[in-house]
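The values are calculated or read from the model by the stated rules, or taken from the named source; none is laboratory data. Just so we're clear, the structure is a prediction, and the values are computed from it rather than from any experiment. All Cβ positions, even for glycine, are placed from backbone atoms using ideal geometry, and neighbour counts span all protein chains on display. These accessible areas exclude ligands, DNA and RNA; they are computed on the full protein's heavy atoms, side chains included. Shrake-Rupley method; radii C 1.70, N 1.55, O 1.52, S 1.80 Å.
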Amino acid sequence: MRIKLFSLQTMLLVVLAVFSTNAIAQVETRITQNLTINGGIWTKVLKAGDPVTIFSYKQDGDTHSFGIYSDDYAGEIDLRGVPFDVDTKQLKKLPKNPKKGLKTYTPMACAKAREKAFLGKYQTIAPEILSTKDFEIIASKNKPIIVFGYKAVKSISGVLYYYFAVFNKNGVGVCDLSSFDNFKINNVPLPFLPSTDDQQVNAFIAKEKQAIKERKAVEMRALEEKARKQREEETAQRKALEEQEFEDLKLMDPAYIEVKKIKTDYAGGNEVTIKFTNCGSLKIKYVYFTGYFLNAVGDKCRDEVSGSTVWKYTGVGPVSRIPNTPDRFGSYIKYFHSDPLFYSKNARKFRLSSVTIEYMNGKKTVLSGAELDDRVDYTDY
């Protein structure tokens, strides 16, 4: 019975960009099924279709040992009880002692792995929350990271301490994972990575830190520029709105009135707050307001003291004339706060019935009916 492990369709069916040497025979092929290489604290998964080179072979009963090499792995793999479809004649051409080729292929794999590490090729996910020695947070658990350096240090008591040089878009540095008993870093050939003490690793960290700093500075400048433009747009919009409101106010000549709210105290006394805008060309001396209150069903309320339904209030100026520019805080806007001259606990709304404006020169203007309604806005609450 034959179960496929490797597919060698011809002696050199698929010639890949893998290192070769004249000193040792080799067969280049692709994996036909997933193959996991366990390295203790790391796991290398060779997927179906990945390129490998077999540089030695040995069979002992039902155990087949292969010297296998790729651009970031070199070593011996035992596959117990799993036959293969490689031509026996081809296998016989390979050295029988798998360890013989390691002296040649391991340095080649190391060199290639080192090159790929500094190109940021070894991407994985953080097995735990990672932070550098200076407590700069690099990545949270299960977030993408790139590993480019590794070191295992054994203490006097025999405990292994593991250090990894990692980076992502937010940070870079050496992380200590020695306090975690169970963790995996997948598809990163740790034994072939440069030591975290390596000068090239330290230079790479410095370079990446500078790159991150420059990128964040660019991002900050972009945010500041965006904020500046937003402020300018908001200022322009506010100015345009003020100018439009100013033009609209001039059309309300002689006045624009906003009844802001009514307030009922514990005794049933009702206070009224009115925002009055002088939209004319003359300074105002007095404003005489006449109005009435409505209950919840829309009927006029009677004053509990006088029995009248009429509310009257005199607003004292001066109220300056509207300026030539849209000054939203000019003295042409005035708030009048009436005393609780009208007593009714049932009052819910307030309406003006007439407004008489007296100017400094003695002239008077009376607003009522539709002319008044067009110039009054109510806020009922």
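General observations
- Output for the range 110-168, where each listed residue is more than 20 Å from Pro189 (Cα to Cα), in a loop (DSSP other than H, G, I, E, B) and touching a residue at least 24 places away in the same chain (Cβ under 8 Å): Lys133, Asp134, Glu136
- The listed residue being part of a helix (DSSP H, G or I) and surrounded by fewer than 14 Cβ atoms within 10 Å (Cβ to Cβ), out of Glu242, Glu232: Glu232
- Some residue of the range 160-170 being of a type in the set (A, V, I, L, M), open to solvent by less than 70 Å² (accessible area, probe 1.4 Å), under 27 Å from Leu102 (Cβ atoms) and in contact with a helix residue (DSSP H, G or I) (Cβ under 7 Å, 6 or more places away or on another chain): yes
- Whenever a residue of the range 291-318 is touching a residue at least 60 places away in the same chain (Cβ under 8 Å), its partners that are open to solvent by 40 Å² or more (accessible area, probe 1.4 Å) and among the polar types (S, T, N, Q), lying with C-beta atoms within less than 8 angstrom and at least six residues away or across chains, give the pairs Gly291/Ser353; Tyr292/Ser353.
- Members of the range 272-315 that are in a strand (DSSP E or B) and open to solvent by 10 Å² or more (accessible area, probe 1.4 Å): Thr273, Lys275, Lys285, Tyr286, Tyr288, Thr290, Tyr292, Leu294, Lys300, Lys312, Tyr313, Thr314
- Residues satisfying the stated conditions in the range 111-126, i.e. open to solvent by less than 40 Å² (accessible area, probe 1.4 Å) and within 30 Å of Gly67 (Cα to Cα): Ala113, Ala117, Phe118, Gly120, Tyr122, Thr124
- Top-ranked residue of the range 177-202 - restricted to ones that are open to solvent by less than 60 Å² (accessible area, probe 1.4 Å) and outside any loop (DSSP other than H, G, I, E, B), ranked as modelled with the highest pLDDT: Val201
- Where strands (runs of 3 or more DSSP E) sit wholly within the range 342-381, those with at least 2 residues that are open to solvent by 40 Å² or more (accessible area, probe 1.4 Å) and either over 24 Å from Cys301 (Cβ atoms) or without any contact (Cβ under 8 Å) to a residue 24 or more places away in the chain (or both) occupy 364-368.
- Residues that are free of Cβ contacts under 8 Å to residues at least 24 places away in the same chain and over 15 Å from Gly171 (Cβ atoms) within the range 197-216 comprise Gln199, Asn202, Ala203, listed in sequence order.
- Where Val174 falls short, out of the listed (1) touching a residue at least 40 places away in the same chain (Cβ under 8 Å); (2) outside any strand (DSSP E or B); (3) within 28 Å of Ser140 (Cα to Cα): (2)
- The one condition in (1) assigned to a helix (DSSP H, G or I); (2) at pLDDT 85 or above that Gly101 fails to fulfil: (2)
- Test: residue in the range 259-272 that is of a type in the set (Ser, Thr, Tyr), touching a helix residue (DSSP H, G or I) at 6+ places or on another chain (Cβ under 9 Å) and either free of Cβ contacts under 8 Å to residues at least 12 places away in the same chain or farther than 18 Å from Thr314 by Cβ (or both): no
- Condition met for Arg348 (more than 55 Å from the chain's Cα centre (by Cα) and among the charged types (D, E, K, R)): no
- Scanning the range 28-42 for residues that are of a type in the set (S, T, N, Q) and in contact (Cβ under 8 Å) with a residue 24 or more places away in the chain yields Thr29, Thr32, Gln33.
- Hits in the range 255-271 (condition: open to solvent by less than 10 Å² (accessible area, probe 1.4 Å) and either more than 20 Å from Asp374 (Cα to Cα) or in a loop (DSSP other than H, G, I, E, B) (or both)): Gly268, Gly269, Asn270
- Positions within the range 133-154 being over 22 Å from the mean Cα position of the chain (by Cα) and open to solvent by less than 30 Å² (accessible area, probe 1.4 Å), in sequence order: Val147, Phe148, Gly149
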